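The values are calculated or read from the model by the stated rules, or taken from the named source; none is laboratory data. Please read all numbers here as calculations on a predicted model, not as lab measurements. Here the Cβ positions follow ideal geometry from the backbone for every residue, glycine too, while neighbour counts run over all protein chains shown.
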Amino acid sequence: MKPFIILHNSVTLDGSLTGFLPDMELHYRLAGSFQPDANLIGSETVITGQEMFGNGILNEEPGDFVTPVRDRRLPWWVIVDSGGRLKGMLHTCRRFEYCKDVILLVSELTPEDYIKHLVERKYRYICTGGEKVDLQAALSVLSKKYGVNRIVTDTGSILGNLLLDKQLVDEVSVLVHPMIKGIDSYNMFCNIPSEVQLSLIKEEKFDNGCVWIVYKTKYNDTRLS
Ligand SMILES: NC(=O)c1ccc[n+]([C@@H]2O[C@H](COP(=O)([O-])OP(=O)(O)OC[C@H]3O[C@@H](n4cnc5c(N)ncnc54)[C@H](OP(=O)(O)O)[C@@H]3O)[C@@H](O)[C@H]2O)c1
């Protein structure tokens, strides 16, 4: 079974994912309201998030080499990183107290030294695909092996658009912020080759001028399961 996937993003009125400061408290409160078993994140989002909101990358400590013991109800953080770009900074994610632990999605061509790095630190990882991660196969393993039935993906347009294009997204949740980014907009849906039909299932407005809309995706019968 494929996990149920909610693509959740904050955007400007013209659909930009970047170039503005989202209302982070509201963004994460709404993301949490979906009660996911896992948050699925692209490697680039982790790197830019660290640059924007982190306090630099602190040295690893002995505690970073062991699996954290936390509330079992917390969501996993699942990060797609076939290139091993997060080598040396994964502990900044693992230390986040609201995640159970980090699971990496890697591929057959992931550098061996990165896999060794993961093993030394007892990170769980799922290997699918040749050069890049086979997202559908990895999601299936997440479901079967880790009991992940519900995923919120709060990521950039590259991973979000791939998931939409593969008809893996079940709901699209967008928190629209009251500004127009204009010419520098980085559009949330800029790389989807085909149309996606939607039906509105939720709408809510907030005092800060944001509007939250949630759509259900409508795919044709050839949808992959
Ligand atoms: N406003 C918001 O709500 C919001 C939320 C999140 C992020 N953002 C912004 O979005 C930007 C980052 O987004 P992004 O679009 O550049 O990147 P991204 O979606 O974070 O990362 C790209 C991901 O796609 C994976 N990928 C690429 N091609 C693939 C393929 N063929 N098969 C499987 N996986 C593939 C990459 O995996 P590999 O590493 O394996 O190549 C990588 O993990 C940042 O500026 C961030 O601040 C905004």
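Within region 150-179, restricting attention to residues that are under 20 Å from GLY49 (Cβ atoms) and part of a loop (DSSP other than H, G, I, E, B), the residue that is nearest to the ligand (Cβ to nearest atom) is GLY156. Taken together, the residues in region 190-213 that are touching a residue at least 60 places away in the same chain (Cβ under 8 Å) and either aliphatic (A, V, I, L, M) or crowded, with 16+ Cβ neighbours inside 10 Å (or both) amount to 2. Of all residue pairs spaced 6 or more apart or on separate chains, none has beta-carbon atoms under 7 Å together with a first member in region 49-60 that is within 16 Å of the ligand (Cβ to nearest atom) and a second member that is outside any loop (DSSP other than H, G, I, E, B) and among the hydrophobic types (A, V, I, L, M, F, W, C). Residues in region 1-23 that are among the aliphatic types (A, V, I, L, M) and modelled with pLDDT of 95 or more: ILE5, ILE6, LEU7, VAL11, LEU13, LEU17. Does region 106-114 include one or more residues that are surrounded by 19 or more Cβ atoms within 10 Å (Cβ to Cβ), at pLDDT 95 or above, assigned to a strand (DSSP E or B) and within 11 Å of the ligand (Cβ to nearest atom)? Yes, region 106-114 has at least one match. Candidates are the residues of region 15-43 that are touching a helix residue (DSSP H, G or I) at 6+ places or on another chain (Cβ under 7 Å) and over 22 Å from LYS216 (Cβ atoms); the one that is farthest from the ligand (Cβ to nearest atom) is GLY19.
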